[in-house]
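Everything on this sheet refers to the single structure shown next.
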Amino acid sequence: MLVLALLSISAFSQEAVTESDTLRKDALNVYFPDADSYIRKEIQFINYVRDLKEADVYIITTWEETGSGGASITVFMVGQQKYTGMNDTLKITASPDDTDDVLRNKAVKILKMAFMRYVLK
């Protein structure tokens, strides 16, 4: 489904290591295994880490179809280390008429705003 394509990493894609894969010293470390290449490209002010233990924040996503044929995506942001206790739950809703591009842009906008709370600390 469209939502799975948005929030999952393709098991078959092999992306070259880019400059954005390099960790920045003072950036927020985020464990977000469902972040696809579009999200990684649009949200570059955080470090995407591969080990949950290294993360300042980890993200869990779920989705379900709505009765109207759209989707409801729930994003759980859980703080660790100095962010312990800073937990957020976000809801992203998509109407059945939303295109992939509209849904991706909606998700990126909401995620950017949610990360600001952690970045500011």
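No value in this document is a laboratory result; all are computed from the given coordinates. Please read these numbers as outputs of a predicted model, since none were measured by experiment.
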Let me see the pair-distance distribution of region 37-90: every alpha carbon pair, 5 Å bin width, integer percents in order. 5, 16, 18, 25, 17, 10, 6, 3, 0
Once S68 and S37 are pulled to full extension, the length gained, defined as 0.36 nm per residue separation minus their Cα-Cα distance, is 8.3 nm
In terms of Cα to Cα distance under 25 Å, which lysines are near enough to K106, apart from those fewer than 8 places away along the same chain? K41, K91, K121
Can you compute 3J(HN,Hα) from phi for each residue in region 51-56, using the Karplus curve 6.51 cos²θ - 1.76 cosθ + 1.60 with θ = phi - 60°, rounded to whole Hz and x for Gly and Pro? 10, 4, 5, 8, 7, 7
In 10 Å bins starting at zero, report the fraction of Cα pairs in region 25-121 per bin as a rounded %. 15, 49, 27, 8, 0
Calc'd 3J(HN,Hα), region 60-77, phi into Karplus 6.51 cos²θ - 1.76 cosθ + 1.60 (θ = phi - 60°), Hz, glycine/Pro = x, comes to 10, 10, 9, 8, 8, 6, 8, x, 8, x, x, 8, 10, 10, 10, 10, 9, 10
Name the long-range amide H neighbours of L28: under 5 Å, sequence gap of 5 or more, or other chain; modelled H, no Pro or chain starts. N47
